[in-house]
Amino acid sequence: MVNDQNVPVDYRVILRYETGDRDQIFETGTIPANTRWGVATAVRNQNLVVNPRANEPYAIEVQTSLPIGAQLSRYDSFGVPGDGPGTGESLTNRTALRWGFADVSTRTLDFIVIYNPYPTTANVTIQFWNTQGAPTQPIIQSVPAFRRAGAALQGETAILNANSDYSAVVTSDQKIIAAHTRFAPGQNRGFTQLGQELDLNGTPVSASNFLLSNIELRASVSNRAVLFNPGDPQLNVQMLGSYASTPNQ
């Protein structure tokens, strides 16, 4: 967390568990003015008032008295000796009725993760499309207030084929947060990313032009740009690329 205010900011970190007791106030405190701060949620027995419950998934909610910046730095070793990958995930204050995901898969350990940050139940539908554009049967869930929910794609064998790629849209009757988490233990890799906010017609909320700032062309590096049209009308897409210090190609 970073407090770029010129005054101290009070904060509270709440762990919102998917099962069992819903809320755990993990830590409270004050961040001095213009100061970098941090909380280690996964380091157990560090003389905190409480420790996270082991082996139970949760969402992290940070509440502050004034706006700050916050990011989650996560380290996964997957039980393999030696260094594991680190992932950085920006905490968000954005909620939406629809979230889109261009590239999810049953080839790896993929999860669609949903968090309902409001005090009323959200009725959520997760719809998948295969690479031919054919829809699957939807997953329908009721997500209670301040609860984490979602779907483990490899476990959805009734609607998703093994070793297959899909796109997905999460739709809710009230605003929620939705993300995609992927673990590839065989490659010692993993990441989490927010979905793309969509409006009610399936159009991306934030932009119609998207930028990938770093693609490498070299041996042993594979790059794939996945395009997903979540709306009804056909879209015409133009892809431009440029090498370092050269014009668009």
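The values are calculated or read from the model by the stated rules, or taken from the named source; none is laboratory data. Predicted model, so just to flag it, every value in this text is computed and none were measured. In this analysis, Cβ positions are derived from the backbone assuming ideal geometry, glycine residues included, and neighbour counts consider all displayed protein chains. With ligands, DNA and RNA removed, areas are computed over all heavy atoms of the protein, side chains included. Shrake-Rupley method; radii C 1.70, N 1.55, O 1.52, S 1.80 Å.
Overview of values
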item	result
Extension reserve of the residue 174-residue 232 stretch, reckoned as 0.36 nm per residue once the Cα distance is removed	18.7 nm
Estimated FRET transfer efficiency when R0 is 45 angstrom, pair residue 221-residue 51 (beta carbons, to 0.05)	0.65
Heavy atoms of residue 157 accessible to a 1.4 Å probe, total area in Å² rounded to 10	110
For residue 27, distant residues with modelled amide H under 5 Å away	13
Set of segment 218-241 residues, backbone N closer than 13 Å to the point 7 Å along the Cα-Cβ line of residue 191	222-226
Extended-chain gain in nm, criterion 0.36 nm per residue less alpha-carbon gap, residue 118 and residue 152	9.9 nm
Added length on full extension, which subtracts the Cα-Cα distance from 0.36 nm per residue, residue 71 to residue 25	14.7 nm
Exposure of residue 224 as accessible area (Å², to 10), given a probe of 1.4 Å and all protein chains	150
Simple label model, 7 Å out from Cα along Cβ direction - residue 12 to residue 61, nm	0.9
Segment 100-210 shape via C-alpha gyration tensor axes, a/c threshold 1.5	rounded
Solvent-accessible ranking of 210, 128, largest area first, probe 1.4 Å	210, 128
